[in-house]
Amino acid sequence: MKRGDLVAVDLVDSRLGWRSPELRSVMGKVGTVLRVPNSELLASGWPRGAIEVFFTKPLRTMILHESELTLARP
């Protein structure tokens, strides 16, 4: 995945609190990738596999694990 890709939220890991209303609100939604792990981010403490995604409905930015996302079809 790279910046600008459209991704769909497939699965939210229960260890990350999938029962929270914020996470439930993005299940099955499509968002745009804002940031992916790179050497600079990882050196600053960014979690490996964490991807920042922007959603318009609902309007929010979330950090999800790459295993919870799939590329959305255009």
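The values are calculated or read from the model by the stated rules, or taken from the named source; none is laboratory data. For clarity, every value in this text was computed on a predicted model and none was experimentally measured. Every residue, glycine as well, gets a Cβ built from its backbone with ideal geometry; the counts of neighbours run over all protein chains shown.
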Pairs with Cβ under 7 Å, 6+ apart, first in the stretch 35-46 and among the charged types (D, E, K, R), second part of a helix (DSSP H, G or I): Arg35/Leu41
Checklist (1) in contact (Cβ under 8 Å) with a residue 40 or more places away in the chain; (2) of a type outside the set (A, V, I, L, M); (3) touching a Phe, Trp or Tyr at 6+ places or on another chain (Cβ under 8 Å) applied to Ser67, failing item: (3)
Subset tally (residues that are at pLDDT 90 or above and surrounded by 13 or more Cβ atoms within 10 Å (Cβ to Cβ)) for the stretch 36-61: 6
Total residues in the stretch 42-74, condition among the hydroxyl-bearing types (Ser, Thr, Tyr) and either closer than 11 Å to Met1 by Cβ or not in a strand (DSSP E or B) (or both): 3
Residues that are in a strand (DSSP E or B) and among the hydrophobic types (A, V, I, L, M, F, W, C), drawn from the stretch 19-41: Val30, Val33, Leu34
Test: residue in the stretch 15-26 that is modelled with pLDDT of 85 or more and on the phi < 0 side of the Ramachandran plot: yes
Verdict on Val12 being modelled with pLDDT under 80 and either assigned to a loop (DSSP other than H, G, I, E, B) or at positive phi (or both): yes
